[in-house]
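Notes for the one structure printed next.
Please treat every number below as a calculation from the coordinates, not as lab data. Please read all numbers here as calculations on a predicted model, not as lab measurements. Using ideal geometry, Cβ is built from the backbone for each residue, glycine included, and neighbour counts are taken over all protein chains shown.
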Amino acid sequence: MNRETMTVALGDRSYDIFFGREIYSLFQEWICRFYPGGSVHVVTDRNVASIYGGDIQRWLEGIPHDVLALPPGEERKNFDTVREIYGFLARGDADRDSLVVAFGGGVVGDLAGFAAATYLRGISCIQVPTTLLSQVDSSVGGKTGFNLPEGKNLVGAFHQPRAVFIDDAFLRTLDDRNLRAGMAEVVKCALAGDAELWDRLLAVGGGGKAFEGEEWRWIVRRAIAFKASVVEKDERETSLRKILNLGHTIGHAMEKSGGYGRLLHGEAVAIGLAWEAILGLRLGVTGEELVDALVPLLIGMGFPLDDPGVALTSIAAAIGMDKKRRMSDVDLPLVAAPGRCELRRVPLAEIRGALPGIRAEIRERSIARGLNLPAANAILAESPGSSLVHVGDEVYEIRSAEESVVPPVPEEAVPAVEPEQATAVEPESEPVPPELPAAPAVRTVTLANLYWLQGEHSTARRIIGEILRDDPANLRAQAWLAARTGDDLVEADLLGFLETMAKEYGYDLS
């Protein structure tokens, strides 16, 4: 069996990351060599124990140890669970020569790592990550901690593991949702610092199931190598390491606001990546081309790019509790180009003020991605929590125009669906007659353009006017307007256009 090793060089805190399949013999050899006679305390969760209980015993065969299986889930990542680990270590007579083994996903690794960092003022810990997300992200770098009701990971410590053992055999038992969640951190690494990885993701597309064998091993090692290189330069996150928070400012806020456990961490990060890319576009850091590539990639992987049940006010409040906040600003990593991030200190008020426009643009881009209704139905069937569920009215609104004015999404981009699935989203009522158009409750540039192409210019103008009234900085609406300069149905001057909207439709522009 091929085995590989990567070293995270941190002076006297350096450690090795071991890669391979069925590497339990190497794990045993490492413990017997470096912790002979020391007590070993395994922390896992009940889901992992139910699947890998036998593997845990095999990995530790001949090594005296005890095992604590915690209740699973992000909602249990709190101080009550940390106290449970403290009690487990105390009952097991753990001392400063003992070793904690975190055997599980990211929650287990964070909790066990924090307990090891603080029990007896610090004992050794090693990581055996069993999910894709924990393999490519949380097991490496030494960040540990737990959540408070007020915010995610607000209590924590830097405590580097003594070793990390990554066995890709564990990925065979992951369900699609958890596999997909791990891909969000891979996309983050590609955007933040690895353009070659980004190109590979775009070339392969789809979710994690698209990667098999050597492809899996390549992306896992590539993502870890990037993170390790950043940690080596900035272990304590004083500067460069902040780029690893890409997608996590809005992502953490969405995760906290919806209630821990509603979204997987990777799902929240995917939302954060998309929303922060659009924020970067509005701030002049991120290019339109990158956003145009990122949003379809994430949707193609099956990620919901919004949780519409979460109010923007809740998200805004949660951002105010972000660890990266400095007084009234937030240190925010934004993508300048694939593989290159810029750290910007952005006023908290500016981020909060941009949220309504970002949510609207995410909805619009999701509609545009789903205009081929069979493709949209496939996405809905695979991810009922997708934002497309909540833009059904817009999809129905344009259904009659789909064949004539909208090129379908290529079949290879989204899997086809069975006919009975396609009928699940039939509208219950007749669509609005073309001769009596009405601006929909949710207004997007995509809808305006479709109405325009159908000859319903007054409806298109109304939609654009309402978008610009609510969000004068909306670049897509401005571009739509600019593209029609000179047409007698559209004012050439933005101010004149808005004044016309006020005159014709009674809008209050104050």
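Distance between the modelled labels on residue 337 and residue 148, one decimal in nanometres: 4.1 nm (7 Å Cα→Cβ projection). Summarising the label geometry, the points placed 7 Å from Cα in the beta-carbon direction at residue 473 and residue 345 lie 1.9 nm from one another. Close amide H partners of residue 143, meaning residues 5 or more places away or on another chain with modelled amide H under 5 Å apart, are 159. Taking amide H atoms as placed 1.01 Å from N in the peptide plane, the amide H of residue 70 lies under 5 Å from those of 44, 45, 46, each 5 or more residues away in sequence or on another chain. 3J(HN,Hα) along the range 143-155, derived from phi through the Karplus expression 6.51 cos²θ - 1.76 cosθ + 1.60 where θ = phi - 60°, amounts to 6, 9, x, 8, 8, 10, x, 7, x, 8, 6, 6, 10 Hz, with x in place of Gly and Pro. For the range 120-154, the residues whose amide N sits under 19 Å from a probe point set 7 Å from the Cα of residue 95 along the beta carbon direction are 120-125.
With 0.36 nm allotted per residue and the present C-alpha distance subtracted, the residue 3-residue 61 stretch has 18.8 nm of extension available. A Förster distance of 22 Å, applied to the separation of the beta-carbon atoms of residue 216 and residue 293, puts the FRET efficiency at 0.45.
Stokes-Einstein diffusion for the range 4-174, with the hydrodynamic radius set to the Kirkwood value over Cα pairs and evaluated at 10 °C in a medium of 1.306 mPa s, equals 101 µm²/s. By the rule of a C-alpha distance below 29 Å, with chain neighbours fewer than 8 residues away ignored, the lysines paired with residue 242 are 77, 143, 152, 188, 227, 233, 256, 323, 324.
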